[in-house]
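The values are calculated or read from the model by the stated rules, or taken from the named source; none is laboratory data. This structure is a prediction, so every number in the text was calculated from the model and none was measured. Cβ: placed from backbone, ideal geometry, glycine included. Neighbour counts: every protein chain shown.
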Amino acid sequence: MSEVEYQGIKVKGGKLFLIFPLLGTLAGAIWAGFEGYARWVAMEEKINEYVAPDLSGFTLKLEVLEERLTSIETLTESTEDNVRVIKTDLKNDMYKLQDNIDQIVEDNRELNRSVHSKISDLETSTQYIIGDAGKNLNSLIQHASDRFDAKRTSIEESAQRRQDFLTEEMKSLEERFDVKLERALSNPLTGQ
């Protein structure tokens, strides 16, 4: 086996194989320490040289976006208020129309009662006249029947005109309701 002597220390071949890897490991550790230190210094320089980017443009865009959102929220609230008002107006119109229809129905009932009362009065009058005037019975009956028919025809025509008027009013109200509803639903700010 070979031997190496250095300043009075003799090292044999087997121990040399242990010393060289130890010296290599020690040298690698020293080199790694110096390399790590150099990278540390370079990193500190880069950190010290770092300048934060100018984000004022983004801030302005965010402020404009917030203003737009605020205005949209305001418009939405205004639209909601308008829809509520329209809804309330439509309800009130419907209630008024219902009240008008109820009044017309009541007027028609009163008219019916009046007609029946008048018919009853006419019948009573006709019977009195028949009992009182036997000679002119046919002419009086015909005359009373004609008056009754004319009155009934007049009343029926009046009732028909009222019914036609109510039908037209209902159609007009439905059309106005449809227009208002379409206008409210077609508003782009309602979210549809």
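Observations on the structure shown:
- Residues satisfying the stated conditions in the stretch 154-192, i.e. modelled with pLDDT of 90 or more and among the β-branched types (Val, Ile, Thr): 167
- Total residues in the stretch 159-187, condition over 32 Å from the mean Cα position of the chain (by Cα) and surrounded by 12 or more Cβ atoms within 10 Å (Cβ to Cβ): 4
- Verdict on residue 150 being out of contact with any strand residue (DSSP E or B) (no Cβ under 9 Å at 6 or more places or on another chain) and either at positive phi or touching a residue at least 40 places away in the same chain (Cβ under 8 Å) (or both): no
- Residue among 120, 172 that is free of Cβ contacts under 8 Å to residues at least 40 places away in the same chain, closer than 30 Å to residue 189 by Cβ and among the small types (Gly, Ala, Ser): 172
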